[in-house]
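Notes for the one structure printed next.
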Amino acid sequence: MRIGFAADHAGAGLKDDLLRRLAGQEHELVDLGGDGSDPHDDYPDFAARLGRAVRDGVVDRGILVCGSGVGASVAASKIVGVRAAVCHDTYSARQGVEHDDMNVLCLGGRIVGVELAAACARAFVDARFSGEPRHVRRLEKVLAIESEESGRG
């Protein structure tokens, strides 16, 4: 699996820590930017970059880091096909994929430490959508909302 990583100025340090901690596993890690050197590196810019990479199949899933994770999740979810959520616990990071087919994990670089962030990232990456009928039914409803709203232009 190809996992994309991106971060704004407030999340770059945690993003880099995660890239180091997850290196050497069976997944290909793709750094899509944000090195923390520019305070004008805003979360919408990196959310769009990562979200479009997920949407376009450049990466299979993404991990996006900003100060709290909230702004990143709001912005990334604007990309059609992206299901992003802030998860600061391993249960939500795993369950978000298994039940909701979440494809972007958002983390807060000012909220969680590297150990917890790495555990959340591993739970997210290792999880698979269950395909259970109730979860498929719910996902289809979410996708219908997305389709209706994307045509409103």
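Every read-out reported here was derived from the displayed coordinates using simple, explicitly stated rules and does not represent laboratory data. Because the structure is predicted, anything quoted here is derived from the model rather than measured. Cβ: placed from backbone, ideal geometry, glycine included. Neighbour counts: every protein chain shown.
Summary of computed values
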quantity: Qualifying positions in the range 109-152 - assigned to a loop (DSSP other than H, G, I, E, B), out of contact with any helix residue (DSSP H, G or I) (no Cβ under 8 Å at 6 or more places or on another chain) and under 30 Å from Gly67 (Cα atoms); calculated: Arg110, Ile111, Gly113
quantity: Residue count for the range 30-69, restricted to those that are in contact with a Lys or Arg (Cβ under 7 Å, 6 or more places away or on another chain) and in a helix (DSSP H, G or I); calculated: 1
quantity: The range 31-77: number of residues that are among the aliphatic types (A, V, I, L, M) and over 20 Å from Val112 (Cβ atoms); calculated: 6
quantity: Failed item, numbered, when Ser92 is tested on (1) among the polar types (S, T, N, Q); (2) outside any helix (DSSP H, G or I); (3) closer than 16 Å to Ala121 by Cα; calculated: (2)
quantity: Residue check, Arg21 among the basic types (Lys, Arg) and within 25 Å of Glu140 (Cα to Cα); calculated: no
quantity: Failed criterion for Ile111 (all others in (1) under 26 Å from Arg152 (Cβ atoms); (2) surrounded by fewer than 24 Cβ atoms within 10 Å (Cβ to Cβ); (3) β-branched (Val, Ile, Thr) hold); calculated: (1)
quantity: Flag for Tyr91 being crowded, with 16+ Cβ neighbours inside 10 Å, free of Cβ contacts under 8 Å to residues at least 40 places away in the same chain and among the hydroxyl-bearing types (Ser, Thr, Tyr); calculated: no
quantity: Check on Ser37, surrounded by 17 or more Cβ atoms within 10 Å (Cβ to Cβ) and among the hydroxyl-bearing types (Ser, Thr, Tyr); calculated: no
quantity: Any hit, the range 78-87, residues being within 19 Å of Ala117 (Cβ to Cβ) and either not hydrophobic (A, V, I, L, M, F, W, C) or not in a strand (DSSP E or B) (or both); calculated: yes
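Each row is one residue, and each column tells you yes or no for (1) under 22 Å from Met1 (Cα atoms); (2) out of contact with any Cys (no Cβ under 6 Å at 6 or more places or on another chain).
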residue	(1), (2)
Pro39	no, yes
Asp45	no, yes
Gly57	yes, yes
Gly81	yes, yes
Val86	yes, no
Val125	yes, yes
Gly131	yes, yes
Ser147	no, yes
